[in-house]
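Comments concern the structure below.
All of the numbers you see were taken from the coordinates with simple rules; none came from a lab. The model shown is predicted, which means the values in this text are computed figures rather than measured ones. Methodologically, a virtual Cβ is constructed for each residue, glycine included, from the backbone with ideal geometry; neighbour enumeration extends over all protein chains shown.
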Amino acid sequence: MTDTLDARATSLVATIREISDDVERYQAVKELEMRLDSDLKQVKAEIALTLHEERSWQQVGELLGVTGSRAEQISRAAR
């Protein structure tokens, strides 16, 4: 799975590097960063909520390497 993600990320970066105009390339990077940030926050929130279905926030936090309070905050992005 990690190899697949690495390959996709490498391909995406290569595609951006092919943009010849520096400003356009920079804008493409910024747009991708914003999109990924938003989408990944949503995925993390969904994971936290799913874990919370059968666990306390403290337990979810321990699994995610954060406090229970932080795990609950992460989950709010999905609401």
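Here are some notes:
- Two numbers describe the Cα atoms of the chain: Rg and Dmax, which are 16.9, 51 Å.
- Estimated at 0.36 nm per residue, the fully extended path between residue 29 and residue 54 surpasses their Cα-Cα distance by 5.1 nm.
- Angle between the chain longest axis and helix 2-17 axis [Cα atoms, degrees, rounded to 10]: 40 degrees
- Near-label residues of region 33-50 by backbone N, under 16 Å of a point 7 Å along Cα→Cβ of residue 1: 40, 43-50
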